[in-house]
Amino acid sequence: MGRKPLKKTSGQSKRKKQRLQTVRGMRDILPVEQPYWQKLKKVVDKVAADYNYNRLEFPIVENVELFERGTGKDTDIVDKEMFKFKTKGGENVCLRPEGTPSVIRAYLQHGMNSQPKPVKLFYRGPMFRYDRPQEGRYREFFQFGFEAIGEKDAILDAQMIQMAMRIFKSLKIKNVSLHLNSIGCEECRPSYNKLLISYLKNRKKSLCMDCKRRLKTNPLRILDCKEEKCMQVVRQAPQTVDHLCSSCKKHFTSLLEYLDEIEVPYLLKPQLVRGLDYYTKTVFEFFAEDDEGRQSALGGGGRYDYLVEVLGGPATPAVGFACGMDRIVNLMKENNLLPQAEQSPKIYLAQLGDLAKKKSLKIFEELERAGIMVAESFGRGNLRTQLRQANKIKAEIVLIIGQREALDGSVILKDMNSGGQEVLPADKIIKEVKKRLKKNAELLKKHEKKTRRKK
Ligand code: HAM
């Protein structure tokens, strides 16, 4: 005898009808998209290795206090956009909205401050912001970021920009513009703030509600409000760059000199202040234009010389940047930038002394422009450490610029296969490197042919 079919409960019929979707602002990354993500991750990891940055992974869930203190209680991402909750044990935690405070927390928690400076770290992974979702803006999105902790020289600021540009270039993303500003430090900002407040107070009526509040909490943020009426007011406002103390002025000038040296064009943006509280001196953003001429921020960063102290460590300067991976992938897809095979750098650039550092930036850029992959470490390593690094990455040629070479416009070329070295004029170096790489490639081909025949 057949069994009577079971009667469906109302819960069951409902279950059948409902097709569950991702939570608003969250997305699946499908297999067809993976090659773009893989390519991007590979390029980021490679640039990190070439510039000697080590990967750090930190938890997705952190204490709310980390971002309240680090990013700033009054910033949009902490005040309005954080995914916060209480654990069963009563801890106030959140999904990380950005990486920088976590990096510094980890740096202090694991005693990395006793390591030789700068400590160079990078990360990539998901971040969470409860913002209004739209094209290119998600509630779960991915970032990669680089942070250099413990070095105050503006060459590190330039290096951050150079790394980001190198990533965009490796991905063949064109028309990326660099927006740049300096927002001063504890020394010069208070008097600038006073000036700004007195300018804005007279125009308070024309500001949006948020900016009226910011006048008390964080007047600097009014400069980058996107409300048309605030933008109009701000256009004539006093500019931070005109009120920098001598140390900030010097820092900004040397950054501009470094950028000129490596021929990275920039747009000075007096209204750029960035939305996070920890920045001092340099702030920058990268913008790309899509087919319809819309601008979207691919990334941003700057110096944050007080954050380590704010999070309980000793006074330590630092600089970094992060980029939105989803936005970069969107651009890659739009422009049909399909992944290609990568190769590793065959040239290592070593330098000793301040002037040499400057000269080597220029040669680095020339090599890159000639399509030659090059690795370096612009930190403070001595020559032996740099040669060890060149060995580690199996560089074929090391170019060395010391104080003397920087002064007389020459470069020492060291052939890592033969061990021989010679001094060459700097303006002949690209040609010579090309010649030698070609010769090495031919020798390698011959060698491979020979070993194949033997087999
Ligand atoms: P940020 O400007 O807040 O900086 O974020 C960096 C990049 O992440 C943005 O330029 C954008 O490309 C991407 N991004 C931000 N929010 C979203 C979103 N909702 N959806 C998609 N992409 C988004 C920081 O996070 C700092 N931690 C950067 C830094 C590192 N400064 C110093 N070191």
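A straight line joining the Cα centroids of region 415-429 and region 173-218 runs 51 Å. Taking every protein chain into account, the accessible area of region 176-288 amounts to 49 square angstrom per residue (probe 1.4 Å).
Across the chain, the mean sequence separation of Cα contacts (distance under 8 Å, 6 or more residues apart), normalised by length, yields a relative contact order of 15 percent. Around the Cα centre of region 347-446, unit charges on the Cβ atoms of Lys, Arg, Asp and Glu (plus for the first two, minus for the last two) sum to a dipole of about 320 debye.
Each residue of region 256-272 was assigned a 3J(HN,Hα) from its phi angle through the Karplus expression (A = 6.51, B = -1.76, C = 1.60, θ = phi - 60°), giving 4, 5, 4, 5, 4, 4, 8, 6, 9, x, 9, 10, 6, 10, x, 8, 7 Hz with x at Gly and Pro.
For residue 324, the residues whose modelled amide H falls within less than 5 Å of its own, excluding neighbours fewer than 5 places apart on the same chain, are 299. Evaluated on region 347-446, the Kirkwood hydrodynamic radius is 13.5 Å, with distances taken between all distinct Cα atoms.
Considering only alpha-carbon pairs that sit under 8 angstrom and 6 or more positions apart, the relative contact order computed for region 19-94 is 22 percent.
For region 347-446, what is the accessible area per residue in Å², given a 1.4 Å probe and the full set of protein chains?
54 Å²
Over region 44-155, the ratio between the Cα radius of gyration and 2.2 N^0.38 Å evaluates to 1.15. Quick one: check the C-alpha center-to-center distance for region 25-57 versus region 71-129, whole angstrom. That distance is 20 Å.
Quick check: at a probe of 1.4 Å, how many percent of the accessible area of the chain sits on carbon and sulfur atoms? Carbon plus sulfur share of accessible area: 50 percent. Label zone of residue 81 (point 7 Å out along Cα→Cβ, amide N under 13 Å): in region 138-163 this covers 138-143. The mean sequence distance of close C-alpha pairs (under 8 Å, at least 6 residues apart), as a share of the length of region 347-446, puts its relative contact order at 28 percent. When every Cα-Cα distance of region 102-247 is counted in 5 angstrom steps from zero, the calculated P(r) takes the values 2, 7, 12, 12, 15, 17, 17, 13, 5, 1, 0 percent. Phi angles of region 399-406 translate, via the Karplus equation with coefficients 6.51, -1.76, 1.60 and θ = phi - 60°, into HN-Hα couplings of 9, 10, 10, x, 4, 5, 5, 4 Hz per residue; Gly and Pro are given as x.
Averaged over residues, the count of other Cβ atoms within 10 Å places the peptides 187-200, 118-131, 144-157 in the sequence 144-157, 118-131, 187-200, highest first.
3J(HN,Hα) along region 50-56: 4, 9, 6, 9, 9, 6, 10 Hz, from the Karplus curve 6.51 cos²θ - 1.76 cosθ + 1.60 with θ = phi - 60°, whole Hz, x for Gly and Pro.
The charge dipole of the chain, taken about the Cα centre with unit charges on the Cβ atoms of Lys, Arg (+1) and Asp, Glu (-1), comes to about 2460 debye, rounded to the nearest 20.
Take the eigenvalues of the Cα gyration tensor for the chain, scale each by 5, and report the square roots as semi-axes in whole Å, largest first. Before the final figure, lay out each step's value.
Details: eigenvalues 343, 227, 85 Å².
Its equivalent ellipsoid spans semi-axes of 41, 34, 21 Å.
Net length available on complete extension from residue 394 to residue 20 is 129.5 nm, with 0.36 nm assigned per residue and the Cα-Cα distance removed.
Proximity of backbone amide H atoms, modeled 1.01 Å from N, is registered between residue 281 and 183, 184, 185 at under 5 Å, excluding neighbours fewer than 5 places apart on the same chain. Take the Cα of residue 263, go 7 Å toward its beta carbon, and the backbone nitrogen atoms of region 364-378 under 19 Å from that spot belong to 364-375. Close amide H partners of residue 188, meaning residues 5 or more places away or on another chain with modelled amide H under 5 Å apart, are 245.
The values are calculated or read from the model by the stated rules, or taken from the named source; none is laboratory data. As the structure is a computational prediction, the values presented were derived from the model and not from experiment. Using ideal geometry, Cβ is built from the backbone for each residue, glycine included, and neighbour counts are taken over all protein chains shown. Heads up: the accessible areas ignore ligands, DNA and RNA and are worked out on the full protein's heavy atoms, side chains in. Shrake-Rupley method; radii C 1.70, N 1.55, O 1.52, S 1.80 Å.
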